[in-house]
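K.L.:
Pasting in a structure now, in structure tokens, and then I'll have a few things to ask.
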């Protein structure tokens, strides 16, 4: 039999086998990347699921989101499991969560176009050992917020790190029952910010190299107002002298570089046993939203701070380069460093000044009352009107999943 005949027989044999229905070998299954798998896991999650993020840098081009309650997202460490959005093309956040009983721990979220980790309208939120960072350093093109719970309740943020946010590194807004502890905020415009919120404990943190270290604000024209009952204690707040890099129009654009703690129009604030040093503008400043003639178009908004209790803090240096416009005008005349505690001196009609700010019965901290700031030569350094005490605020306590 010649070669051609052999080939013909072989061809006919194959054709017959195929016509008899012998199956072809299956195509190999496509292997999904972890990035694709994670988004599927978030969509298909069921309450009680634990989603593991392995060590390594995982690159995403679009936002992630979660709406299922009772989920834990867990990495191998904030410097080991990294969700990178350096090439993000879609979405406003890195991870957006709108779900109760949520835990996220031991991972990092880097270089998002917008906010890194946003939690919205959620109850029982635990953020533990999470790092958010823009690795190119302070830049107005960075996302606004690092760790960002808003309109939520029962929030624990602990052991976390926030670096490079163009608004606030660790921010909790329009929320209630809040604990921010043992965390670090560095090279943000605002390191740690509590805004339009109630019942917050901020303690054991380090705020350094920000424009402003810690902010406690109450602002108009927001759905939730009446911020009060925040305790700021046992923190280290130092060297917050980074130039303000917030985009034009952002409210934190008004925070002067060199500010340690800024209390704006908030009530019932207790500040104690913190260490402040080398914040070049001022270590602590308390003022009204109306300072400088700012107008208000919200009839429900109270622009004046009340019952601010500041005592037993340690101060070293600071106030060497005033940057707030009222402090600059005062400094040009006085030629001395900014005192450790500054109050703008604005009060409601006939209100007693002792109801605004109390410094304890035996304060040794230097003090400046700007008396409204209209005349930089007309100020007071006398702390005696503020030699008073205010009842201590209660410790913030609540039950939340994952509490150690």
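The values are calculated or read from the model by the stated rules, or taken from the named source; none is laboratory data. Values in this document were obtained by computation on a predicted structure and should not be read as measured data. Neighbour counts are summed over all protein chains in view; Cβ atoms, including those assigned to glycine, are modelled from backbone coordinates with ideal geometry.
K.L.:
Restricting to the range 211-236, name every residue that is outside any loop (DSSP other than H, G, I, E, B) and either more than 12 Å from residue 280 (Cα to Cα) or at pLDDT below 95 (or both). Steps first, answer last, please.
P.N.:
Of all residues in the range 211-236, those outside any loop (DSSP other than H, G, I, E, B) come to 212-217, 228-233, 236.
214, 215, 216, 217, 228, 229, 230, 231, 232, 233, 236, listed by residue number.
K.L.:
Select from the range 85-101 the residues that are in a strand (DSSP E or B) and under 19 Å from the mean Cα position of the chain (by Cα) and write down the one among them that is surrounded by the fewest Cβ atoms within 10 Å (Cβ to Cβ). I'd like the intermediate steps shown before the answer.
P.N.:
Initially, the range 85-101 is screened for residues in a strand (DSSP E or B), giving 90-97.
Filter once more, so that each one left must be under 19 Å from the mean Cα position of the chain (by Cα): 92-97.
Details: 92: 14, 93: 23, 94: 25, 95: 26, 96: 20, 97: 26.
That would be 92.
K.L.:
Show the residue pairs meeting these rules: Cβ distance below 6 Å; 6+ apart or different chains; first residue within the range 99-117 and free of Cβ contacts under 8 Å to residues at least 60 places away in the same chain and on the phi > 0 side of the Ramachandran plot; second residue surrounded by fewer than 24 Cβ atoms within 10 Å (Cβ to Cβ) and in a strand (DSSP E or B).
P.N.:
Taking only residues 6 or more apart or on different chains, the pairs are 106/74; 106/129.
Residue-wise test of (1) within 29 Å of residue 144 (Cβ to Cβ); (2) modelled with pLDDT of 95 or more; (3) over 19 Å from the mean Cα position of the chain (by Cα).
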site	(1), (2), (3)
4	no, no, yes
18	no, no, yes
45	yes, yes, yes
48	no, yes, yes
105	yes, yes, no
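K.L.:
Do you know which residues across the range 297-324 are surrounded by fewer than 14 Cβ atoms within 10 Å (Cβ to Cβ) and over 22 Å from residue 364 (Cβ atoms)?
P.N.:
Hits for the range 297-324 are 297, 298, 299, 300.
K.L.:
If you don't mind, there's one more thing I want to ask. Scan 96, 30 and give me the residue that is at pLDDT below 95 and either more than 18 Å from residue 126 (Cβ to Cβ) or out of contact with any helix residue (DSSP H, G or I) (no Cβ under 9 Å at 6 or more places or on another chain) (or both).
P.N.:
Values: 96 fails: at pLDDT below 95.
Being at pLDDT below 95 and either more than 18 Å from residue 126 (Cβ to Cβ) or out of contact with any helix residue (DSSP H, G or I) (no Cβ under 9 Å at 6 or more places or on another chain) (or both) holds for just one of 96, 30, which is 30.
K.L.:
Ok, one more. Hey, does the range 189-207 have a residue that's in a strand (DSSP E or B), within 16 Å of residue 105 (Cα to Cα) and in contact with a strand residue (DSSP E or B) (Cβ under 9 Å, 6 or more places away or on another chain)?
P.N.:
Just the residues of the range 189-207 that are in a strand (DSSP E or B), to begin with: 190-195, 198-203, 206-207.
From what's left, within 16 Å of residue 105 (Cα to Cα): none.
The answer is no, given that none of the residues of the range 189-207 is in a strand (DSSP E or B), within 16 Å of residue 105 (Cα to Cα) and in contact with a strand residue (DSSP E or B) (Cβ under 9 Å, 6 or more places away or on another chain).
K.L.:
If you go through the range 172-188, how many residues are within 10 Å of the chain's Cα centre (by Cα), under 20 Å from residue 239 (Cα atoms) and in a strand (DSSP E or B)?
P.N.:
Step one: of the range 172-188, the residues within 10 Å of the chain's Cα centre (by Cα) are 172-173, 180, 185, 188.
Narrowing further to those that are under 20 Å from residue 239 (Cα atoms): 185, 188.
If we keep only those that are in a strand (DSSP E or B) too, we end up with 185.
Adding up the residues that qualify gives 1.
K.L.:
Also, I was wondering about something else. What number of residues within the range 203-229 satisfy the criterion of being crowded, with 19+ Cβ neighbours inside 10 Å and touching a residue at least 60 places away in the same chain (Cβ under 8 Å)?
P.N.:
Adding up the residues that qualify gives 4.
K.L.:
From the set of residues in the range 257-292 that are surrounded by fewer than 24 Cβ atoms within 10 Å (Cβ to Cβ) and within 19 Å of the chain's Cα centre (by Cα), which is nearest to residue 336 (Cα to Cα)?
P.N.:
257
K.L.:
Among 180, 172, 130, which is the only one that is touching a strand residue (DSSP E or B) at 6+ places or on another chain (Cβ under 9 Å), within 21 Å of residue 49 (Cβ to Cβ) and either in contact (Cβ under 8 Å) with a residue 12 or more places away in the chain or surrounded by fewer than 24 Cβ atoms within 10 Å (Cβ to Cβ) (or both)?
P.N.:
Numbers: 180 fails: within 21 Å of residue 49 (Cβ to Cβ); 172 fails: within 21 Å of residue 49 (Cβ to Cβ).
The unique qualifying residue is 130.
K.L.:
Pick from the range 364-392 the residues that are more than 31 Å from the chain's Cα centre (by Cα) and more than 23 Å from residue 326 (Cα to Cα): which of them is modelled with the lowest pLDDT? Talk me through it step by step, then tell me what you get.
P.N.:
So in the range 364-392, the residues more than 31 Å from the chain's Cα centre (by Cα) come out as 364, 371, 374-388.
Keeping just the survivors that are more than 23 Å from residue 326 (Cα to Cα) gives 364, 387-388.
Working: 364: 89, 387: 93, 388: 93.
Per the stated criteria, the residue is 364.
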